[in-house]
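Structure first, commentary second.
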Amino acid sequence: DVAAQSDGTVLVTLRSKGRARVVPLPAPLSGALLALRGDADATAPVFASRRGGALTPVQAHRVVRQAAVRAEIAGDVSPNALRRAHASHALARGVPIESVAATLGHASVSTTGQYRHARAEAQLSLPL
């Protein structure tokens, strides 16, 4: 569910494992996101399948992979890889772990803490 707010932000409600979480988006991104829906009804999915319904996880994975190929990004790019990158970069930039956990829908910050370790290991593997 995507809903515009009076302050120019958009709240995106994601449902996973029976839980819902709300992710606020800044105004520039929210405007672009809502524009993708075009003239469709406010309850219509922003990213629709060819038949007009919401994308399935398999379809979303295919779209992300195809976009990575067009952008000439090598490696295994998937929605989950983008999610992990978001978490790692947010934590590396000092975003409080509780905020990152909330946007990812983690019940515990210990789950989110794994992204700190992944980032540290990646930095250790860089050639100096």
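Largest accessible area first, the residues 43, 112, 56, 103 order themselves as 43, 56, 103, 112 under a 1.4 Å probe with ligands, DNA and RNA left out. Ignoring ligands, DNA and RNA, what percent of the 1.4 Å accessible area of the stretch 55-102 is carbon and sulfur? Carbon with sulfur: 60 percent of the solvent-accessible area. The alpha carbon convex hull volume per residue for the stretch 53-96 rounds to 93 Å³.
For the stretch 40-92, trypsin sites (Lys or Arg not before Pro) meeting the loop criterion (DSSP other than H, G, I, E, B) and having at most 15 other Cβ atoms within 10 Å: 50, 51. When the alpha carbon gyration tensor of the stretch 61-121 is reduced to an equivalent ellipsoid, its three semi-axes come out at 24, 12, 9 angstrom, largest first. Once you reduce the stretch 71-104 and the stretch 40-60 to the center of their Cα atoms, the two points are 23 Å from each other.
The values are calculated or read from the model by the stated rules, or taken from the named source; none is laboratory data. Here the structure is a predicted model, which means the values were calculated and not measured. Positions of Cβ are backbone-derived with ideal geometry, glycine not excepted, and every protein chain shown enters the neighbour counts. Just the protein is used for accessible areas: all its heavy atoms, side chains included, with ligands, DNA and RNA removed. Shrake-Rupley method; radii C 1.70, N 1.55, O 1.52, S 1.80 Å.
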